[in-house]
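The values are calculated or read from the model by the stated rules, or taken from the named source; none is laboratory data. This one's a predicted model, so the numbers in the text were calculated from it and none came from an experiment. Cβ placement follows ideal geometry from the backbone for every residue including glycine, while neighbour counts extend to all protein chains displayed.
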Amino acid sequence: MEIPITRTLIVAGAIASRDYQDVHHDAELARAKGSPDIFMNILTTNGLVGRYITDHFGPTAVLRKVVIRLGAPNYPGDTMVLTGTVERVEPSPDGDTATVKVVGANGIGNHVTGTITVTVPVPTTATVPAEGAI
């Protein structure tokens with residue numbers, strides 16, 4: 001999944017997660033602290049990793065565990081490319097639980113690496129009864 005890193009995405013993600021650190025919305029203050037520009041916060045990254053997994057496994061997928069580590073910052077004007085590898089699948093009566101290794105890379109390196117555990121429920125064969133019948 002390719003995600004363009006825009007100023008709007010960085011600032012909106014910070015605001016949505018109530019992270020008001022100036023390095024996520026004020027370029028001048030970010031530069032004063034040694035960064036070349038504003039950069040994405042970990043909560044936005046976490047949300048994007050979750051979206052990547054649920055987009056792949058479908059709307060019924062349930063994230064069970066998300067463990068990520070940040071690396072290279074996501075700066076405006078770059079693109080983060082998320083890729084994943086299914087490492088293990090364990091069947092259960094409730095559905096399959098997969099362990100997925102994820103990497104999100106940008107132009108300067110790996111922005112995020114992590115391991116996600118996701119359960120995909122067993123499809124139901126239930127049908128909607130005729131009107132009035134239960």
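When the stretch 22-37 is examined, which residues are found to be of a type outside the set (D, E, K, R) and out of contact with any helix residue (DSSP H, G or I) (no Cβ under 7 Å at 6 or more places or on another chain)?
A27, A32, G34, P36
For the stretch 2-39, how many residues meet the condition of being surrounded by fewer than 17 Cβ atoms within 10 Å (Cβ to Cβ), assigned to a loop (DSSP other than H, G, I, E, B) and either of a type in the set (S, T, N, Q) or over 19 Å from the mean Cα position of the chain (by Cα) (or both)?
Adding up the residues that qualify gives 10.
When the residues of the stretch 74-101 are narrowed to those that are touching a residue at least 40 places away in the same chain (Cβ under 8 Å) and surrounded by 17 or more Cβ atoms within 10 Å (Cβ to Cβ), which ends up farthest from N41 (Cα to Cα)?
Out of the qualifying residues, it is A98.
Among (1) buried (at least 18 other Cβ atoms within 10 Å of the Cβ); (2) at pLDDT below 95; (3) not hydrophobic (A, V, I, L, M, F, W, C), which single condition is N106 missing?
Status for N106: all satisfied but (2).
Select from the stretch 40-65 the residues that are β-branched (V, I, T), over 15 Å from V120 (Cα atoms) and surrounded by fewer than 17 Cβ atoms within 10 Å (Cβ to Cβ) and list them in ascending order. Reasoning before the result, please.
First, the residues of the stretch 40-65 that are β-branched (V, I, T): 42, 44-45, 49, 53-54, 60, 62.
Adding the requirement that they be over 15 Å from V120 (Cα atoms) leaves 42, 44-45, 49.
Answer for the stretch 40-65, where residues must be β-branched (V, I, T), over 15 Å from V120 (Cα atoms) and surrounded by fewer than 17 Cβ atoms within 10 Å (Cβ to Cβ): just I42.
Within the stretch 26-84, can you find the residues that are of a type in the set (S, T, N, Q) and within 18 Å of I10 (Cβ to Cβ)? It would help to see each step written out before you state the result.
Applying the first criterion (of a type in the set (S, T, N, Q)) to the stretch 26-84 yields 35, 41, 44-46, 54, 60, 74, 79, 83.
Matches in the stretch 26-84: S35, N41, T44, T45, N46, N74, T79.
For the list (1) farther than 21 Å from I108 by Cβ; (2) touching a residue at least 60 places away in the same chain (Cβ under 8 Å), I need the number of the one condition that I10 fails.
Evaluating I10 over (1) farther than 21 Å from I108 by Cβ; (2) touching a residue at least 60 places away in the same chain (Cβ under 8 Å) leaves (1) as the failure.
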